[in-house]
Amino acid sequence: MGADRGTLFVVDRTRGEVRSIVADRVVGEISLPIGFGIAGSVAETGQVIDTYNPFYDERYDEKYDTILRYDTKHIYCAPVLTADGTVVGVLQLLNRTRAFTPEDYEFLKTVTLEISPVLKNASAL
């Protein structure tokens, strides 16, 4: 897909957080409050965040770079929405290995639509 790492988060409204269900090269779960960090902000607003320098974004929390021993340079973070517009997950890609094309963005939109029913069920657990 042209990114170094990817994470899929499910929105857990009961606990008020997003938690990773798939995180490339991460042992254990990543969780953060809805509205906190890039993924938490996407979960709260339902808006895509696409940044080439997250250190200039006040929503970015660099502590995860320290914890995970990773150097984040780029973030593409998109909501996973149900048909009625409810955010049930967040797809996050880190450190592009190339510029995303319009076809890449369309593919990512399709992926989020396809995984939406699965995450809707997971968020109900």
Return a whole-number percent for the relative contact order of segment 69-115, with Cα pairs under 8 Å and 6 or more residues apart as the contact set.
37 percent
Cα convex hull of segment 10-70, projected area averaged across orientations, nm²:
4.4 nm²
Hey, can you grab everything whose amide H is under 5 Å from the amide H of residue 73? Only 5+ residues off in sequence or another chain; H modelled, so Pro and N-termini drop out.
95
Between the residues 11, 108, 49, the Cα farthest towards the positive end of the dipole of the chain, that dipole coming from +1 and -1 charges on the beta-carbon of Lys, Arg, Asp and Glu, is from 11
Mean separation of Cα pairs under 8 Å and 6+ residues apart, divided by the residue count of segment 3-123: what relative contact order is that in percent?
28 percent
Summing +1 for each Lys or Arg and -1 for each Asp or Glu, what net charge is found among the other residues whose Cβ lies under 14 Å from the Cβ of residue 12?
+1
Along the Cα→Cβ direction, 7 angstrom out, place labels at residue 62 and residue 101. What is the inter-label distance in nm?
3.5 nm
Charge dipole (debye, nearest 20) of the chain; +1 at Cβ of Lys and Arg, -1 at Cβ of Asp and Glu:
240 debye
Taking amide H positions as placed 1.01 Å from N in the peptide plane, with prolines and chain starts having none, which residues 5 or more places from residue 80, or on another chain, fall under 5 Å of its amide H?
88, 89, 90, 91
Per GNM of the chain with C-alpha springs under 10 angstrom, the most fluctuating residue out of 35, 16, 46 is 16
Using a Gaussian network model of the chain with C-alpha springs under 10 Å, which one of 68, 32, 81 is most mobile by mean-square fluctuation?
68
Once the principal axes of the Cα atoms of the chain are found, what is the range along each, listed largest first in whole angstroms?
33, 32, 26
Considering amide H positions built from the backbone, and no H for Pro or chain starts, which residues 5 or more places from residue 3, or on another chain, come under 5 Å of its amide H?
97
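Rule-based calculations on the coordinates, nothing more; no lab input. None of the values given here were measured: they were computed from a predicted structure. Because the Cβ atoms are built from the backbone with ideal geometry, glycine has one as well, and the counts that use them run over all protein chains shown.
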